[in-house]
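> Below you will find the structure I want to go over with you.
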Amino acid sequence: MGEPMAKNLLKAGFSVTTAIHRNRAPAERLEPLGLTICPSPAEAVKDADVVIGILVSDAATLSHFEAPDLAGAIKPGTIFMEMSSCCTETMMELSQFYKARGVRVVDAPVSGGSFGAEAATLSIMCGSDDETAIQEVDDILHAVGKSIYNVGKCGAGKIVKNLNNLLLMLNIRGLAEVYSVAKAEGIDINMLADVISTSSGNSFAVFLLRTFTEERKYGPSFAMNLVLKDLANALKINDSVPMPLTSCVYQIFKEDNANGVR
């Protein structure tokens, strides 16, 4: 997600800096467009007006952005925009961590996958305790996304994002069963997709499967550990609300993972 989003920011005229974590290739591909590669994360953020985080897990997000060198280099008044799919507790911890340092925080996870990131059509769910901070990053948000929502206070963005991903996973699992039955009964899958896409059973999962089929991309597009992370995050949003269907699908995906599905 980070590479196409950074590319769209550069194309929109923003000055973008980064530091290398493990893989240099994405950053090097963007260097000709004006990306500045710094020797360390602290160097990358020290003069930034906006710092954007979009990492793979809660643990990575906390360890990276609570690191003393990085956190100490972000100047007071800077806006920290956290766009990862992490849980609400992580977001609130980061919010308190940076507010104590005079840094303004915007909780802004995204949806739309690599397709949306490349086309700058992401949906972005913004939550902040500072309304002006969301307004100040509006041009950045519209450089990488199409549908921008103000969903409430800091932490609300992560709630909405995780509930959205919950529905996607339920739809994907249901669609897998539907397609398996159809195949067993000799129903043409492409025709079935055409029917569903114009009928009441339609969902983004149908669009994804049709896209992969048409482009003959049959490999994995979303890692199983991320599926499990997102479902677990959704399940712990509110312990007082029963979620039997989500719990069942979570266990099915856990069994898939144990059986080697990655």
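The values are calculated or read from the model by the stated rules, or taken from the named source; none is laboratory data. Bear in mind that the values here come from a model prediction, so they are computed numbers and not experimental data. Ideal geometry is used to build each Cβ from the backbone, glycine not excepted, and the neighbour counts take in all protein chains shown. Protein only, heavy atoms only, side chains kept; ligands, DNA and RNA dropped before computing areas. Shrake-Rupley method; radii C 1.70, N 1.55, O 1.52, S 1.80 Å.
> Residues that are under 18 Å from the mean Cα position of the chain (by Cα) and among the acidic types (Asp, Glu), at least 1 per element: which strands (runs of 3 or more DSSP E) completely within segment 28-87 meet that?
Passing ranges, in order: 79-82.
> Just give me the residues in segment 144-163 being in a helix (DSSP H, G or I) and either in contact with an Asp or Glu (Cβ under 9 Å, 6 or more places away or on another chain) or over 29 Å from Asp239 (Cβ atoms) (or both), in sequence order.
Val144, Ala156, Gly157, Lys158, Lys161, Asn162, listed by residue number.
> Also, quick follow-up: Restricting to segment 30-43, and then to whatever is in contact with a helix residue (DSSP H, G or I) (Cβ under 9 Å, 6 or more places away or on another chain) and free of Cβ contacts under 8 Å to residues at least 24 places away in the same chain, can you tell me which residue is farthest from Ala143 (Cα to Cα)?
Cys38
> Can you tell me which residue is farthest from Ser203 (Cα to Cα) among those in segment 155-164 that are open to solvent by 10 Å² or more (accessible area, probe 1.4 Å) and not basic (Lys, Arg)?
Residue satisfying both the conditions and the ranking: Ala156.
> Does Ser15 qualify as being under 24 Å from Ile124 (Cβ atoms) and among the small types (Gly, Ala, Ser)?
yes
> Within the set of pairs 6+ apart or on separate chains, which have a first residue in segment 127-143 that is under 21 Å from Ala12 (Cβ atoms) and assigned to a helix (DSSP H, G or I), a second that is among the polar types (S, T, N, Q) and open to solvent by 40 Å² or more (accessible area, probe 1.4 Å), and C-beta atoms under 9 Å apart?
Sorted first by the residue in segment 127-143, then by its partner, the pairs are Ile134/Asn150.
> Let me ask another. If you go through segment 175-210 one residue at a time, how many are exposed (fewer than 15 other Cβ atoms within 10 Å of the Cβ), closer than 16 Å to Val249 by Cβ and touching a residue at least 24 places away in the same chain (Cβ under 8 Å)?
Qualifying residue count for the region: 0.
> Within segment 110-143, take every residue that is touching a Leu at 6+ places or on another chain (Cβ under 6 Å) and modelled with pLDDT of 95 or more and give me the one that is surrounded by the most Cβ atoms within 10 Å (Cβ to Cβ).
Within segment 110-143, the match that is surrounded by the most Cβ atoms within 10 Å (Cβ to Cβ) is Ile124.
A quick yes/no check of all residues on (1) open to solvent by 10 Å² or more (accessible area, probe 1.4 Å); (2) touching a residue at least 12 places away in the same chain (Cβ under 8 Å); (3) farther than 26 Å from Asn150 by Cα:
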{"position": "Thr18", "(1), (2), (3)": "yes, yes, yes"}
{"position": "Glu28", "(1), (2), (3)": "yes, no, yes"}
{"position": "Val45", "(1), (2), (3)": "yes, yes, no"}
{"position": "Leu55", "(1), (2), (3)": "yes, yes, no"}
{"position": "Gly77", "(1), (2), (3)": "yes, yes, no"}
{"position": "Arg101", "(1), (2), (3)": "yes, yes, no"}
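> Can you tell me which of Ser247, Ser240 is in a loop (DSSP other than H, G, I, E, B) and modelled with pLDDT of 90 or more?
Residue meeting the stated conditions: Ser240.
> Please work out if Glu66 is surrounded by 14 or more Cβ atoms within 10 Å (Cβ to Cβ), under 23 Å from Ala44 (Cα atoms) and in contact with an Asp or Glu (Cβ under 9 Å, 6 or more places away or on another chain).
no
> In segment 80-122, which residues are closer than 14 Å to Val51 by Cβ, in contact with a Pro (Cβ under 8 Å, 6 or more places away or on another chain) and of a type in the set (A, V, I, L, M, F, W, C)?
Met83, Val103
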